[in-house]
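Quick notes on the structure that follows.
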Amino acid sequence: MNTLLSNGILDFANMAVCSGLLVTAYDAIPEVSNHAQNVCSVSYKDSGGESGSGPRIIAFVSCDGRGDGDSDNDDDSLVDSGYARFPLFVLLNTEVNPVVSISRAAVELFASVYDELSSLKDQIDINRPLIITGRALGGSVASLFTLWLLDTIYLKTARTPLCLTFGSPLLGDNALQQAISERPTWISCFLHVISNQDPVPRYLAKGHMPFGAALFISESGCACFEDPQSILELIKARSLGGLEDSQIIDYGSMLKKLKYNGIRHGRKEEVDTCDISDPVQCGITLQLLAIGAIKPENSETSPLIPRIRRNLESFQRGKKNNLDQTKKLNEVKIYMAYMGWYKKISRNQGGYYDCYKTAESKSIKEGKTKEEVVRHQRILNQYWKHMVKEIDRMPKREGATNIRPRVLYAGTHYRWMVEPLDIAVYCRQGKNDYINKGRSQHYKLLEEWEKGSSKPAERHKVSRVTEDSCFWAHVEEALIACRYLTEEIDSSSEEKESRYQSLLEFEAYVMDLIRMHTLSPETFQEGSSFMQWWRDYKKLKGVGYKSELTNFMNNQKVGNDLLVFDEYKGLS
């Protein structure tokens, strides 16, 4: 088998062919066509019976069973995703691809049944397997419906529907392909089945680009590709399209024949035509012979083979970059574990923040530890800045975020652990007002996304990390305010009043964190910047000053539900 072809996609395609999944999906379409009355009708059936345990199939079909329309009209034109008559698919736009173009015919057919599909969408159980299928232009509508579901009801779940199309024209341009490919969980939802005799997929090939995997089938075999350039080459190949345009391809019969053969390696006479010393070339040749894209007598001279090979090699290089990102994510977990270890060993050295900010290395071992922390901090920042930038350029939707819960969880813990160290570096350089002048945009976005998606939960124990990652920036500003007022710097009464007010607000803010148990106990370690502020603040306010925070710090109970200083600190 061709090593340039993804084992995952080949295994899935083989399963879809041999298990009868494609036959089942295709057989659902004629049942819908019997009820077609308008330009495009839609229906569905539950194959799981009354129990509803099996997959649900939603099948689309255009009224004439082909959906190619009149060749003299503008059905082959593209419109941007913000198409004034139906702007729903603006959801596909990104910062990199601000304009995504989609087939006008497909969008208008989707729009014609939009109300019915909206009702159908509300009835979908995301915990039940869902297959969305369609023939010809009905397959294009199926793809649009799948994209709509992925962006709405499947947005925050690991489950996804499966979209299987048969002989469908290409849906959109290169920007559409890139927009979908940027979402790995989306691109894996689509498998497009194309007969070597079907002319329909070629109707809209000009200016269009495929997305997802394509399973090319013939009477003698089938071959699966996921590289869009190779798919486009094969769609355009003159050898694909042996019947008159007026004839309808019987995909059902072809699929039933292939069910027992699967994606084969090739007959002996075909293998004999290959150069087995070059397994990649041989694999591509067998794939193309299986679907009739080339003939055995031309297999050594066909220009299609080297073009497909170049496309596949380029595609695999891109996939390797994605695998490198996955490897990088695993490395990030290791770096975070190291930061957790450093936090633990610094607990008795003034705490995580102050140990990093002020402690000098007293030994070679400590020096190496500090160097490692600095290196890990830099790598983590680089990774998450890139990650947040990629997520932020995705389409924005009111009331929803583009970040998946697992990624948000990791990003939030990164922010809690690493931003305090960035604040330490910033303040060590003699700078102030970190929140307004020094905070990186990626931290702001991670915090915004976390606040927008988190559900308040009851807390039964104190957090091991301070959950406001800017806490130490607030402490630094409070220290500056205390010094300003204690040293009686010549200034206006308005400025002094503003400083006093900021200290009162900081005191209230600290009490809120204590009450919510979101302030790490190590905050109260001797030698910490917070304890330095507390000493300065007590001196400024005088011994007679009383407040909730003074009661807390003096171990005086305010309420049964609130710990006092020694109890809180003892949880570290």
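Some observations on this one:
- Any hit, the range 495-508, residues being touching a helix residue (DSSP H, G or I) at 6+ places or on another chain (Cβ under 8 Å), open to solvent by 20 Å² or more (accessible area, probe 1.4 Å), over 18 Å from Val418 (Cβ atoms) and assigned to a loop (DSSP other than H, G, I, E, B): no
- Residue ranges of strands (runs of 3 or more DSSP E) in the range 117-233 with at least 1 members modelled with pLDDT of 85 or more and of a type in the set (Phe, Trp, Tyr): 162-166, 190-195, 213-217, 222-225
- Among (1) modelled with pLDDT under 90; (2) surrounded by fewer than 15 Cβ atoms within 10 Å (Cβ to Cβ) - the single one Met394 does not satisfy: (2)
- Close pairs (9 angstrom Cβ cut-off, 6 or more residues apart or separate chains): free of Cβ contacts under 8 Å to residues at least 12 places away in the same chain in the range 132-145, crowded, with 24+ Cβ neighbours inside 10 Å and part of a helix (DSSP H, G or I) anywhere: none
- Residues within the range 208-231 that are closer than 15 Å to Pro303 by Cβ and either open to solvent by less than 20 Å² (accessible area, probe 1.4 Å) or among the β-branched types (Val, Ile, Thr) (or both), tallied: 1
- Counted residues, the range 255-273 - those being out of contact with any Phe, Trp or Tyr (no Cβ under 7 Å at 6 or more places or on another chain), buried (at least 20 other Cβ atoms within 10 Å of the Cβ) and modelled with pLDDT of 60 or more: 1
- Enumeration of residues in the range 298-309 that are at pLDDT 80 or above, surrounded by 13 or more Cβ atoms within 10 Å (Cβ to Cβ) and not hydrophobic (A, V, I, L, M, F, W, C): Ser302, Arg307, Arg309
- Number of the condition not met by His386 [criteria: (1) at pLDDT 80 or above; (2) assigned to a loop (DSSP other than H, G, I, E, B)]: (2)
- One residue stands out in the range 397-410 among those that are part of a loop (DSSP other than H, G, I, E, B) and modelled with pLDDT of 70 or more: the one that is least open to solvent (accessible area, probe 1.4 Å), namely Ile403.
- Every residue from the range 277-297 that is surrounded by 14 or more Cβ atoms within 10 Å (Cβ to Cβ) and polar (S, T, N, Q): Gln281, Thr285, Gln287
The values are calculated or read from the model by the stated rules, or taken from the named source; none is laboratory data. Just so it is clear, the model here is predicted, and its values are computed rather than measured. Please note: Cβ atoms are built from the backbone with ideal geometry, for glycine as well, and neighbour counts cover all protein chains shown. With ligands, DNA and RNA removed, areas are computed over all heavy atoms of the protein, side chains included. Shrake-Rupley method; radii C 1.70, N 1.55, O 1.52, S 1.80 Å.
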